[in-house]
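See structure below.
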Amino acid sequence: MLGHIDYINLLPFHIFLKKHYFYYTTKKSYPAKINEMFEKKIVDAAFISSIKSKNKTCLDAGIIANKKVLSVLICDGENKEDFESNTSNVLAKILKQKGEVIIGDKALKKYYSNAKCKDLASLWYEKYKLPFVFARFCINKNKKDYQKMIKLFLSKKIYIPQYILKKYAKKTNLNPKQIQDYLNLITYKLNYKEKKALKKFFKLAN
């Protein structure tokens, strides 16, 4: 069973699964809950928060933003963590940011509403000139099967049909172009720079 983060940033992966691994069962939730399910071995594999992936068996795939992400924000207001997050709450502390941490589709909606918020991936890039890895694909068992799956996923350019974009647009009160523009900011392959960024994040988090 796969943990399934039900956010737009993994929409290409979910489309890939439906096409190539439709027989796999998934368990949906938000990142912090998926982390918990992974830790308890309720799910065999999942994209888990980077902060929780240290010393786990992980593959070279993740949820990565280069210079900005739009869906991980620190907004004006009282200091408050997002209960759906683990990594972003830590990132805000590393960057010494005050305010409310907001992640996921609700943050994306807030960004497009021109709320007074700052993009945490942008702040990270400004400071370290590195991409930021928000999550990694980690496994509890069936390593060879998941290696094959991830290798195939990373080799493909995923086309998102208009009807699916419209469905998510309706669900999130965004428009299809905003969703597509957002997805163009997200990559999934961990190369040298991404691994360097992850190492930096772990060191700072300590």
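Both the radius of gyration and Dmax for the chain are 16.2, 46 Å, in that order, over alpha-carbon atoms. Which stretch or stretches of region 26-56 have amide N atoms under 16 Å from the point lying 7 Å from LYS195's Cα along the Cα→Cβ direction? The answer is 54-56, whose backbone nitrogens lie closer than 16 Å to the label point. Here GLN147 and PHE83 are evaluated by their C-beta separation; at R0 = 41 Å the FRET efficiency comes out at 0.80. Fully extending the segment from LYS157 to PHE202, taken as 0.36 nm per residue of separation minus the present Cα-Cα distance, adds 13.2 nm.
Partner aspartates and glutamates whose Cα lies under 19 Å from the Cα of LYS171, excluding those fewer than 8 positions away in the same chain, are identified as ASP6, GLU84, ASP105, ASP181.
For LYS167, a cut-off of 17 angstrom between C-alpha atoms picks up these lysines, skipping any fewer than 8 places away in its own chain: LYS18, LYS106, LYS109, LYS177. DSSP beta bridges confined to the chain are antiparallel in about 75 percent of cases. Count Lys and Arg as plus one, Asp and Glu as minus one, and take only other residues whose Cβ is under 10 Å from that of LYS116; the net charge is then +1.
None of the figures in this text is laboratory data; all of them are computed from the coordinates on show. The structure displayed is predicted, hence computed values, not measured ones. No Cβ is skipped: glycine too gets one built from the backbone with ideal geometry, and neighbour counts run over all protein chains shown.
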